[in-house]
Amino acid sequence: MKKLLTALFVIALAFGFHSTATAQVQEGDFKLGAGLSFGSGVGFGGLDNDLGIRVDGYYSFTDEIRGGGDFTFYLPKSEGGVDVTVWELNLNGNYVFYNETDLVAYGLAGINITGLNISGDGGFDDSDTEIGLNLGAGLEYDLDFADLFAEAKLGNLGGNADQFVLSAGLRFPIN
């Protein structure tokens, strides 16, 4: 985990020297980000996913509308010879309802695809993929070298793997 955080910090510094960030959303902006997610779990009791590593990218079609996606890989859990791995891919649209120089607030809605893999002693191995909806909201705050983001969402609504997810990280403008 220390190596991952160190790598993210180095990447953040590298982008900081090459671009000037602004949290304000403007038509034509493209941002790439990375961060951490905490999920409430997809229903496996003590084996529920909780901490995940996230990457995302968003493109602004207008000052109010942007689209993009994110991928989160939750750290695998093991207990009593059973291993659970969970990942999710989200394709979201954002509606920006507050757009000032240092702070952006937005609602999000989209499609969630969640993958689950359960394996155990004796060669047991099962996987499943579910599709559901996302609903949530987020904030971005300008840190000069990047935008700090935080999101809260209900993911995989309508599926069996629904969960509440909190995410935070950095987004870097790509010009």
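Derivation of every value follows stated rules applied to the coordinates shown; laboratory data play no part. The shown structure was predicted, so the numbers you read here are calculated from the model rather than taken from an experiment. Positions of Cβ are backbone-derived with ideal geometry, glycine not excepted, and every protein chain shown enters the neighbour counts.
Things worth noting here:
- In terms of surrounding Cβ atoms within a 10 Å radius of their Cβ, D29, D121 rank from fewest to most as D121, D29.
- Label-to-label distance for T62 and I118 is 4.5 nm, based on points extended 7 Å past Cα in the beta-carbon direction.
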